[in-house]
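Single-structure report; data block below.
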Amino acid sequence: MPPSCIPFSFRSTAEHDAATPQPRLLRLAASSSSSSDAPAAGVFDDSASIVTLPSLPSLQSSAPISGYLDTTPPPAFHFCHASLKPLHPTSSAPALAVSAAASLLYSASKSEITVFDLVSARPVETFDAVPSAGSVKSVALSSAGKLFTGHQDGRIRVWRRSARSGRYRLNATLPTAVDRLLHFPLPGNYVAVRRHKKLLWIEHADAVSAVAASGDLLYSVSWDKTLKVWRAAGDLRCLESVPAHDDAVNAVAVAGDGTVYTGSADGKIRVWARSPPTEGRGRRRRHTRHGLVATLERHRSAVNALALSGDGAILYSGACDRSILVWEREESADHMAVAGALRGHGKAILCLACVGDVLFSGSSDRTVRIWRKERKGKGYSCLGVMEGHGTGVRTLVAVPVPVPASAELQPEPEEEYRVCSGSLDGEVRVWRVRIPTTQRSDSK
């Protein structure tokens, strides 16, 4: 029998309608795989969540949510719009991606990938994944409409809509067969991945933990400690492989200027910058390369999640130490300097999503917190805590909802967001979050 729907908790203390909309429960087919979907380095070990970096200042406002002052942002209204549960029990969290332009949510499990309408939370398309490849660890969308999925077997699948049927079809598996044939003959193209085993440098030797598409490039990181760069269009070749960390790489984030951030189980965040391609023609022209710019070391445990502000000036990192560190661009301090920490979660931080100046964080404590930067200084306020998941929140995506013209004339205008959270039991919850903008107008 499928698991029962867990009732959600409305945590905001602001007054709301007595008839709060109840979440719809949809049953979806899902994998019964027992493979772990946790980041590397024991995220769920409580002993790894003891230290909360007391040496770093807390950035959140001391004002409680129930009695905020005029100098702090008002709390957020939030409720669960829909609960999407698998048909069969699973220990693998779905990988999520969202298209703000098309208002679509992509949810990938081991057995299938489902596309939902974000407004109605109803499925609009379902297509088979690659069950033999293991669980899907991450999903990314390119600007050209391609869908990239990173899998347990170390491969990346590329999906695109068929011009004839309009449905998604498997387009390629990275590295492609052509790419393998080009590198196969030369012994220098092989690297040792473990004792008595070698692979081509274009191959990941372990699970692909995260993928990110930016422009014409695709970035992938893996538990094999590497960062790889691929063409996101055309021949889909692997352009570069970087030995990024001393332990499994759990997260990757790419800024608009091409700066790449990687977070690892070694507790470090590394910053990589693109160098322009060298002069030449054809095969003599070298591709863009990424060089190490800085290593950010303030976490005391595995880094599980990264998120960037829209302008790339602020980096958020979440780790097993239960803290979210806020890094701000400062050229005089080795690219970025830590401004402080956001505390409140009771266990490891597993995922982050940033939209504008609003940050959402998911944790092993089964909650999602809403943070917003205050209009003065470097402080942040926790605007709400969304509860209802039965297990740790592993994946998180968020998009703004366009505000109707009539809404701007209301006495207390609001900003609305769609937040989708996926937990380790396979459930996906779609939340509606509304944040009053009364005290925000003079901060822009």
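When Leu308, Leu236 are checked against the criterion of being at pLDDT 95 or above, in contact with a Cys (Cβ under 7 Å, 6 or more places away or on another chain) and either on the phi < 0 side of the Ramachandran plot or surrounded by 17 or more Cβ atoms within 10 Å (Cβ to Cβ) (or both), Leu308 stands alone in meeting it.
Among residues of region 113-145 being of a type in the set (D, E, K, R) and surrounded by fewer than 20 Cβ atoms within 10 Å (Cβ to Cβ), the one that is farthest from Ala82 (Cα to Cα) is Asp128. Taken residue by residue, region 141-154 has no member that is part of a loop (DSSP other than H, G, I, E, B), of a type in the set (Lys, Arg) and either in contact with a helix residue (DSSP H, G or I) (Cβ under 9 Å, 6 or more places away or on another chain) or farther than 15 Å from Ala213 by Cβ (or both). For Gln152, the conditions (1) open to solvent by 20 Å² or more (accessible area, probe 1.4 Å); (2) out of contact with any Ser or Thr (no Cβ under 7 Å at 6 or more places or on another chain); (3) closer than 22 Å to Asp247 by Cβ all hold with the exception of (2). Count of region 356-380 residues, restricted to those that are open to solvent by 10 Å² or more (accessible area, probe 1.4 Å) and modelled with pLDDT under 95, is 9. Output the number of the condition that Arg164 fails; it satisfies all remaining conditions of (1) part of a loop (DSSP other than H, G, I, E, B); (2) open to solvent by less than 30 Å² (accessible area, probe 1.4 Å). That leaves (2) as the condition not met.
Looking at Leu174, is it out of contact with any His (no Cβ under 8 Å at 6 or more places or on another chain) and open to solvent by 30 Å² or more (accessible area, probe 1.4 Å)? Judged against the criteria, Leu174 is not a match. Among the residues making up region 178-199, those that are open to solvent by less than 70 Å² (accessible area, probe 1.4 Å) and under 30 Å from Ala93 (Cα atoms) are Val193, Leu199.
The values are calculated or read from the model by the stated rules, or taken from the named source; none is laboratory data. As the structure is a computational prediction, the values presented were derived from the model and not from experiment. Heads up, the Cβs are rebuilt from the backbone with ideal geometry, glycines too, and the neighbour counts pull from every protein chain shown. Only protein heavy atoms, including side chains, enter the accessible area calculation; ligands, DNA and RNA are left aside. Shrake-Rupley method; radii C 1.70, N 1.55, O 1.52, S 1.80 Å.
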